[in-house]
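Chemist: My questions all concern the structure below.
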């Protein structure tokens, strides 16, 4: 029987999942979870939740699915040790350093968070080798993709089937981090994807996806060998959790018995009433996943309402006293009220509004059903806590006696003209284009590293050194000299140094980098120039051009040969002023991202950084348009 996994962002949501028949819940503690703004659980509440769940044959998986700094690793590991001691059924992890520590020292099962972005056969083979028992797959995979993975690997598979669909590929989104300092990799995403943008002549919520509703795909997922289907929603209401869990549990049971329909229409209507921003089956069966008209939850659409004075006429027979209505004109929310009485005649429900609305026609949605009152009574539970407390656990402490050295200059380029322009100033070339052999011949004695595709299971033939973007790519190219891009999210010294060189995460501040380099002994590169990639998305509707936000900032969009779109920051990272300071950390090389730039600008940037020409800053700023020191100076908000 396939597992139905429900979200529990609060004690009330935990109770809702339990009462609705969830096979398992996932929840977070007060720290290190990817939903830091949820209520979450104290240590004593976690202990009580695990005991209560097990008494009711329900499993508990705890999220520790953020990236972790060296200064935080002892606390994070101590928390997982506590989870092990209270009998949590698994810990969901993003950070590879934490995962390696947990596997070595503890017995609690490891689940790979979707934030790890494990999507290919090689990714899953790597996860099996490391010791993960389950991989939570990215939402970008189709039923066919999942079928292929099941045939080629044996690790447990978990798939999202309901709730919010991230626009960016999981674990690879820096948009919130770049524009506001609130990192999705640290559980603080501010959801810039739910804002309006302009691209060309179109202004819309063009990065806003519809929610997943994949109940009809359960038979296909069962056939594909998926072991668990996951409902998103740790920030949503207990009523939503109850209704979603009830619907999917019923659908899973019916699918297992071959019964149809998989769910009742009434259950779907109640769920839409609780939360609905439009639905799709995600990338499981289609690539039509967007909802560009609005980004908020509207509820169950009832059609049109006409208003005259305080009399509201709705073409619906489904209204009852206690229901809640909300009225819209276009994208604008006008107001709403709870129905007190209904006069139903000839297919029209006449209601009395407690306030006057402008006369005319409105779109009307039901946002509350009177049945919700009964559900609230049903799911109420005296959620207590125990006196269980975590104890601090020592972990191996590393000391790296790094010394100031002459740093190499690595230049990313994406065409032959730019390659020729920067060669005189480069110690290493990262080449991101198909004609790698021509580029290698031009480089001569200068090392050329082939940059692998950003997010794709397609691995091109590559000779010589390669730059990898995922653990699976590194697994595939064992035996090659490998460089890790900043998309590997290298955050701490506990990450196994299995590559020739890593690039530090661009989300680390100067203090974080100092701490990292004082502990990590392997080779390390720091990005010092370029437009940081904020999103990579599978959305086929996003065109190349400049995405413009409400402040007038312009974010370039580039499409690659594999069907992915890349959204770049509006400003160039520019750390020319800080090279001498970074030198003292013992960094091995600096990275300049000069892809998609004019060869003349690429050469000017490479020359200035090679010669450390501070006087070139103003000219380069003018040519680039806008520059920033990024997180090196300001850091993250948490």
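None of the figures in this text is laboratory data; all of them are computed from the coordinates on show. Remember, predicted model here, so these are calculated numbers, not experimental data. A quick note on method: Cβ atoms are made from the backbone with ideal geometry, for glycine too, and the neighbour counts reach across all protein chains shown.
Chemist: Helix 96-105 versus the longest principal axis of the chain: what is the Cα-based angle in degrees, 0 to 90, to the nearest 10?
Modeler: That helix lies at roughly 80 degrees to the long axis.
Chemist: A further question follows. May I ask for the percentage of alpha-carbon pairs in region 558-599 that lie more than 14 Å from each other?
Modeler: Working: 560 of 861 pairs.
Counting pairs separated by more than 14 Å, the tail of P(r) holds 65 percent.
Chemist: For region 201-241 and region 573-629, what is the separation of their C-alpha centers, rounded to whole Å?
Modeler: Cα centroid to Cα centroid, the span is 42 Å.
Chemist: Quick one: order 480, 111 by neighbouring beta-carbon count within 10 Å, fewest to most. Intermediate results must be reported in sequence, preceding the final value.
Modeler: Values: 480 18, 111 27.
Placing the least packed residue first, the sequence is 480, 111.
Chemist: If each of residue 500 and residue 352 carries a label point 7 Å out from its Cα toward its Cβ, how far apart are those two points in nm?
Modeler: 8.0 nm
Chemist: Send over the per residue convex hull volume for region 300-379, Cα only, as a whole number of Å³.
Modeler: Values: hull volume 7.3 nm³, N = 80.
Dividing the Cα hull volume of region 300-379 by its residues yields 92 Å³.
Chemist: Could I ask something else about it? Taking the chain as the reference, fit the longest principal axis to its C-alpha atoms, fit the long axis of helix 73-86 to the helix C-alpha atoms, and give the angle between the two in degrees, 0 to 90, nearest 10.
Modeler: For 73-86 against the chain, the angle is about 40 degrees.
Chemist: Can you give me the Cα centroid spacing of region 109-169 and region 425-440 in angstrom?
Modeler: Cα centroid of region 109-169 versus Cα centroid of region 425-440: 32 Å apart.
Chemist: When only Cα pairs under 8 Å and 6 or more residues apart are kept, what is the percent relative contact order across the chain? Don't skip to the answer; put the middle values down first.
Modeler: Working: 1435 pairs, mean separation 94.4, N = 638.
15 percent.
Chemist: Hey, what did region 538-600 get for relative contact order, percent, Cα under 8 Å, at least 6 apart?
Modeler: Values: 52 pairs, mean separation 13.8, N = 63.
Relative contact order comes out at 22 percent.
Chemist: Between region 1-71 and region 334-382, what is the separation of their alpha carbon centroids in Å?
Modeler: Using only Cα atoms to place each centre, the spacing works out to 33 Å.
Chemist: For region 139-269, just say rounded, prolate or oblate: build the C-alpha gyration tensor, square-root its eigenvalues into a ≥ b ≥ c, call rounded for a/c under 1.5, and beyond that prolate if a/b exceeds b/c, oblate if not. Kindly include the intermediate steps, with their values, before the conclusion.
Modeler: Details: a/c = 2.05, a/b = 1.57, b/c = 1.31.
It comes out prolate by the Cα gyration axes.
Chemist: Taking Cα atoms, how many degrees apart are the long axis of helix 11-20 and the longest axis of the chain, rounded to 10 and kept between 0 and 90?
Modeler: 60 degrees
Chemist: Measuring from label point to label point, each 7 Å out along Cα→Cβ, what is the residue 384 to residue 612 span in nm?
Modeler: 6.5 nm
Chemist: Find the relative contact order for region 300-379 and round it to a whole percent, using C-alpha pairs within less than 8 Å whose residues are 6+ positions apart.
Modeler: RCO, region 300-379: 42 percent.
Chemist: Of 188, 568, how do they rank once you tally other Cβ atoms within 10 Å and put the fewest first? It would help to have the intermediate numbers written out before the result.
Modeler: Details: 188 20, 568 23.
Ascending number of Cβ neighbours within 10 Å: 188, 568.
Chemist: Just the Kirkwood number for region 242-363, please: inverse of mean 1/r across all distinct Cα pairs, in Å, one decimal.
Modeler: Working: mean 1/r = 0.0605 Å⁻¹.
After inverting the pairwise mean of 1/r, the radius is 16.5 Å.
Chemist: Still on this structure, I have one more. Looking at the square roots a ≥ b ≥ c of the eigenvalues of the Cα gyration tensor of region 437-562, which shape do they give, rounded for a/c under 1.5, prolate if a/b is larger than b/c, or oblate?
Modeler: Details: a/c = 1.80, a/b = 1.16, b/c = 1.55.
Note, shape of region 437-562 comes out oblate.
Chemist: Moving on to the next point. Determine, for 58, 488, the number of other Cβ atoms within 10 Å of each Cβ, and report the residues in order from fewest to most.
Modeler: Details: 58 20, 488 23.
So the residues, fewest neighbours to most, are 58, 488.
Chemist: Which residues in region 230-273 place their backbone N less than 18 Å from a point set 7 Å from the Cα of residue 55 along the Cα-to-Cβ direction?
Modeler: none
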